[in-house]
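To start, the structure itself, in structure tokens.
Read-outs: derived from the displayed coordinates by stated rules, not from any lab. Every value quoted in this text rests on a predicted model; they were computed, and no experiment measured them. Please note: Cβ atoms are built from the backbone with ideal geometry, for glycine as well, and neighbour counts cover all protein chains shown.
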Amino acid sequence: MKSLPQIFLTSFCILLSILANGQQVISTLERQHAERILNTLAADDMRGRSALTKDIESAADFIANEMKRIGLMPYAEQNYRQTFQLDKISPKRLSASINKKTIPDGHIITLGNHIHLQWDNKSQVKVVNIKPGDDFSTVFRQYSLSKENTLVLVDPSFENYFSRFGQMLNGAKFIEDSNTQKPSIVYILTKENPKTFEIHMEREIQRFPLFNVAGIIPGKSKPEEYVIFSGHYDHIGILPSVGQDSIANGADDDASGVTAMLTLAEYYKKQNNNERTLIFVAFTAEELGMYGSKYFSNHINADQVVAMINMEMIGKDSKFGPNTVYITGYDQSNLGKLMQENLENTNFRFYPDPYIKQNLFYRSDNAVLAAKGVPAHSFSTSQMDKDELYHTVKDEVSTLNIQNIVSSIEAIAIGAAGIVEGKQTPSRVEKLKD
């Protein structure tokens, strides 16, 4: 039983939301569920939800059980998972020589998903150069996109660039499909004009089964048109201890977004007025390179996706103050403008992303579908230039404003109503060229 102060506090929070937004959209029970979901996902028991550990399974099972409780239909598999494989390849052995002169390890960079590589001057390998005076970064990128096995001889005048690129590229790599062989590109820092060369590389491979968690509410009159609501449920796991704390709980990043996704699922399920099919998805491996959303986005027909609302870190006030959310890539489509029109009787405002130089539009789970032309945007309140708790053990529920999450959920619920009900269709994003 709640005490009188608890009852007063709950009523006061509801009153604040009604005054701010003009109406209460999310019920008291849904608010309670939202707070429970947030606290569960960000609890120490989840051990930071790292995608490459068994810890992620507890979070996935919890989200799946919430989708089942809400009454969503599974999107892919009956357990609400969408399973795929991610391979980690790590250097094991590397050697190279040109004209029988051994090349130091630090003067070699390898690109590609090869596990074993054995080249010599009789191999079918294209040999090219990065010469003095070239724009190193531009030419390096051009050769990295080669469609055939390529040996790139780099002039020693670029040693500083070469060293920096090698530190970034020569470590372990995550590969979505190591069974599909891609061309290998090997860069060697040398002045030698190769009459003969030998290159040998071996890598170790680890295979990780990963899984998004997704459910749907089928559309009534437009079931082949999809509206996606999403957030990523993985975080960065266990870090070096700060005091006695080593768990990066990821409350804001992104338990807040997944909480919003599930709360919206419960809200729309009860509304029962969606003409379009609604897909609710918690992505995995965002922190590793958005692999969960890449897999999801590459296995859905982008032309059928009307809009994607990806919620990324909404647990604190944005730089614009309370009752505001910023939208990445705001001007790339009119999704934000349509949603703001539906909020005209409220005090809530959607703003364009204020951190343009950080290129956030293509740095979150909306990126692949946006590149395919979908009005896919991330909705956030994170103050990227000031958040000292980001990716630390201090990103905990106690640092968040629960009311900020609730008001953001309500604004998205109201703002997306016309799209969900099939009355509004946002303009498409310009597709990125291959």
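Using packing as a proxy for protection, rank 135-148, 405-418, 311-324 so that the peptide with the highest average count of other Cβ atoms within 10 Å comes first. Intermediate results must be reported in sequence, preceding the final value.
Values: 135-148: 13.6, 405-418: 23.9, 311-324: 20.3.
Put in order of decreasing packing, that is 405-418, 311-324, 135-148.
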**Message:** Taking the Cα of ASN401, stepping 7 Å toward and past its beta carbon, and measuring to each backbone N in region 339-359: which are under 19 Å?
**Reply:** 346-355
**Complete:** Taking only the alpha-carbon positions of region 101-195 as identical scatterers, the Debye log10 I(q)/I(0) at q = 0.13, 0.22 Å⁻¹ comes out as -0.43, -1.28
**Request:** Quickly rank 86-93, 225-232 as a protection proxy: mean count of other C-beta atoms within 10 Å, highest first.
**Result:** 225-232, 86-93
**Item:** Point-to-point label distance, ASN272-LYS220, nm (Cα→Cβ direction, 7 Å offset)
**Value:** 1.0
**Item:** Hits among lysines - C-alpha to C-alpha of LYS319 under 17 Å, sequence gap 8 or more where chains match
**Value:** LYS357, LYS386
**Request:** Pop a pseudo-label 7 angstrom from the Cα along the beta-carbon direction at both LYS386 and ASP245 and give the gap in nm to one decimal.
**Result:** 2.0
**Message:** At a 10 angstrom cut-off on C-beta neighbours, averaged per residue, how do the peptides 330-340, 233-243 rank from highest to lowest?
**Reply:** 330-340, 233-243
**Request:** Please give every one of the lysines within straight-line cross-link reach of LYS100, meaning a C-alpha to C-alpha distance under 17 Å, and leave out same-chain neighbours fewer than 8 residues apart.
**Result:** LYS122, LYS191, LYS195
**Request:** Check the straight Cα-Cα distances from LYS68 and name the lysines below 18 Å, setting aside those fewer than 8 residues away within the same chain.
**Result:** LYS269, LYS270
**Item:** All-pairs Cα distance distribution in the chain, expressed in whole percent, bin size 10 Å
**Value:** 4, 20, 27, 22, 14, 9, 3, 1, 0
